[in-house]
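Okay, structure first, notes after.
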Amino acid sequence: MNAVIQLEDIHKVYHTGEVDVHAVRGVSAAIQTGEFVAIMGASGSGKSTLMNIIGCLDRATRGRYLLDGTDVSQLDRDDLADIRNEKIGFVFQGFNLLSRTSALENVELPMLYVHRHLPGREQRERALRALETVGLAERADHHPNQLSGGQQQRVAIARALVNQPALLLADEPTGNLDSQTSIEIMGVFQTLNQQGITIVMVTHELDIARYAKRNVIMRDGRIVSDVPVSDRLQAETELRRLRDAQQAVQLTV
Amino acid sequence: MMRIWATIKIAGRALRRNKLRTLLTMLGMIIGVGAVIAMVGIGNGAKAQIESQIASMGQNVIIVFSGSMTRSGIHTGWGGAGTLTIEDSEAIVREIPGVTVISPEIMSTAQVAAGNQNWFTRILGEGPDYFDIRQWPVVTGSPFTPQDVRGANKVAVVGQTIADQLYPGEDPLGQIVRVKNVPFIIVGVLKAKGLSVQGQDQDDLIIIPYTSAMKRVQRVTTLRTILVQAARPTLLNPVQQQIIELLRQRHKITPGKDDDFTVRNQQEIADMATAQSKTMTLLLGAIAGVSLVVGGIGIMNIMLVSVTERTREIGIRMAIGARGRDILLQFLIEAVTLSVIGGVVGIGAGVGVSQLLAAKMSWPTLISSTSVVYAFFFSAAVGIFFGFYPARKASRLDPIDALRYE
Ligand SMILES: Nc1ncnc2c1ncn2[C@@H]1O[C@H](COP(=O)(O)OP(=O)(O)O)[C@@H](O)[C@H]1O
Ligand SMILES: [Mg+2]
């Protein structure tokens, strides 16, 4: 068995204030190399909590999580930081870019914390290549406040990719984007997935989930459905259809 | 492993982002370090001057004071009739083998006049060996002689200030100076010495034979002090002891009674003076040090604000793989950059201020390279000390909490 992610009875309880919030209540799942999984569910169903655990940003209260065969629950803070740096690329709903810092420098950031340090020139080259991958090379010197939401999310994806992780995690990556930009981002994900990167993303939009290969639905901290996507959408096709429709509108006006 | 250089660049960028704040925080350090450098410079300058002044007292000198001195150094019976006589001084040379030369001494201040010029100055009655003991050469003319002392002759050696004030543009040699209306012929002019640490003009004095001072000027029969020079440094203590015994015997002081005189050797006087100047340096340094601590607290304050403001940034860095140590280092380097740049500018300011003091107010200042080096490393240490707590606070943040921080 070569599951990238192996979750065994994962629980997460938040102890805040007087009541304990049981956000994840016994999730077990395995995600293989090369998969593209969309986790769906209503707001508050525990998707982000689970993603943070998968992304080694947070720890499970109970249960076992094997990442590439290693039991993550046994690792200390520094080891988790190294895993986040080397094995996982994380894309947030709110982009989480450093402001007043150019796109290129934002993308270079993860290489700063790599153990085998690269020379500065090589860092720049790799960062530029990552920006090319997401189609944003010509905006390398722009600062986040000079970029649109979709462009900022591309920078965030480039940053997640720059250390060549095997796993890309995204928590509502299209949550702050309009529908066309969302499809464009899905296009980037599908291309990356074709290149062999395993992707897990959270979304509450049904049509966005259809770009993935497998849909997991959560409710109240549990997985209630786990099915392959039968009528999968291709971003390229959808984008073309959208453009044609827009042109038609323009012609009639 | 250590990504120091990249981290320094991040710190530099963060500091440049808030220029005014950075400047104000550094100002605290600049003032602190500058004050330390200037104060220690003033203290060291004073110390050096005292040392050179003590060296100018001559070598292996023992001073016998009239009257007793308490342990704290306070002279009692200073104003009363003196207890030392010319016979005492003669007995010291005659009976103590380790003594090479002596100079009986008597001091006063008096109005002096030359032509229509008037001047108020110090009058020293001395022996002819005074100039040797004090290593204070007569540069024009010559010192008075033993015959002048024996005859209580009306001859005088004057300091440079007297020569300048009473005989501007003239040759003072052979001129008459009236000391309390007694006319003295000037036979020599002393080498100029300049100001003392206390700011006194050391060249503002007239030296006459002690016999002349006693008989003609002050009309007293006792001496104020006797300068004694021992042949070798090792003889200082035995000679001092012998002087005490001799004088007790001569003054008929029974055992158990206090001396009516005080004997101090040069080393003791030097020690006292350097102890005083050390205390002064320490005090000045400590006062300045307080402002350095205040500067450090300023750094800590700003770093704490900075950590709070940049919680999200810390969260982002941690999320993409920064370890706690990377964050710690980033903020520590930021604090140290603040303190070290502030320190370096402060060193410059301190050196500038003390040179200004030296030039404009003729205060002796002395900036040693060690105090500069100390100041540099101390300011780095201030950065580390006061930066550590905020940096550690940053490094211990939880990535998730930090990312969620608004
Ligand atoms: N840091 C936290 N402290 C306390 N409760 C939390 C925290 N994060 C999430 N929760 C709670 O856990 C539950 C699941 O939240 P979350 O994982 O964010 O859901 P989703 O991403 O599916 O909307 C919610 O009830 C939420 O209020
Ligand atoms: Mg969520």
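The values are calculated or read from the model by the stated rules, or taken from the named source; none is laboratory data. From a predicted model like this one, the values you see are computed outputs, not experimental measurements. Glycine also receives a Cβ, built like all others from the backbone with ideal geometry; neighbour counts cover every protein chain displayed. Surface accessibility is based on the protein's heavy atoms, side chains included, excluding ligands, DNA and RNA. Shrake-Rupley method; radii C 1.70, N 1.55, O 1.52, S 1.80 Å.
Per this entry, B:Thr281 is counted among residues that are in a helix (DSSP H, G or I), farther than 20 Å from B:Glu95 by Cβ and of a type in the set (S, T, N, Q). Restricting attention to the range A:45-60, the residues that are more than 14 Å from chain B (Cβ to nearest Cβ) and either assigned to a strand (DSSP E or B) or among the polar types (S, T, N, Q) (or both) add up to 1. With respect to the conditions (1) out of contact with any strand residue (DSSP E or B) (no Cβ under 6 Å at 6 or more places or on another chain); (2) more than 16 Å from ligand 2 (Cβ to nearest atom); (3) more than 14 Å from chain B (Cβ to nearest Cβ), A:Phe36 falls short on a single one, namely (1). Here A:Val27 qualifies as away from chain B (no Cβ under 14 Å), touching a strand residue (DSSP E or B) at 6+ places or on another chain (Cβ under 7 Å), within 16 Å of ligand 2 (Cβ to nearest atom) and among the β-branched types (Val, Ile, Thr). Every condition in (1) more than 16 Å from ligand 1 (Cβ to nearest atom); (2) over 13 Å from the mean Cα position of the chain (by Cα) holds for A:Phe189 except the one numbered (2).
A search for C-beta distances below 6 Å between a residue of the range B:2-31 that is at pLDDT below 90 and any residue that is in a helix (DSSP H, G or I) and open to solvent by 30 Å² or more (accessible area, probe 1.4 Å), counting only pairs 6+ apart in sequence or on different chains, returns B:Thr7/B:Leu329; B:Ala11/B:Thr337. Restricting attention to the range A:39-64, the residues that are more than 13 Å from ligand 1 (Cβ to nearest atom) and buried (at least 22 other Cβ atoms within 10 Å of the Cβ) total 1. Selection of the range A:96-117 for residues being at the interface with chain B (Cβ under 7 Å from one of its Cβ atoms) and of a type in the set (D, E, K, R) yields only A:Arg100. For the range A:192-208, indicate whether the set of residues that are assigned to a strand (DSSP E or B), touching a strand residue (DSSP E or B) at 6+ places or on another chain (Cβ under 6 Å) and open to solvent by 10 Å² or more (accessible area, probe 1.4 Å) is non-empty. No, the conditions are met nowhere in the range A:192-208. All of B:Ile8, B:Ile37 fail the test of being in a helix (DSSP H, G or I), among the hydrophobic types (A, V, I, L, M, F, W, C) and more than 20 Å from the chain's Cα centre (by Cα), apart from B:Ile8. Quick check, is A:Arg77 open to solvent by 60 Å² or more (accessible area, probe 1.4 Å), more than 9 Å from ligand 1 (Cβ to nearest atom) and more than 14 Å from every other protein chain (Cβ to nearest Cβ)? In short, no.
Among the criteria (1) closer than 30 Å to B:Thr234 by Cα; (2) out of contact with any Pro (no Cβ under 6 Å at 6 or more places or on another chain); (3) surrounded by 13 or more Cβ atoms within 10 Å (Cβ to Cβ), the one B:Glu87 does not fulfil is (3). Candidates in the range B:11-34 are the residues that are within 14 Å of chain A (Cβ to nearest Cβ) and either assigned to a helix (DSSP H, G or I) or aliphatic (A, V, I, L, M) (or both); of these, the one that is nearest to B:Gly352 (Cα to Cα) is B:Lys19. Among the residues of the range A:156-166, is there at least one that is open to solvent by less than 10 Å² (accessible area, probe 1.4 Å) and within 16 Å of A:Leu239 (Cβ to Cβ)? No, the conditions are met nowhere in the range A:156-166.
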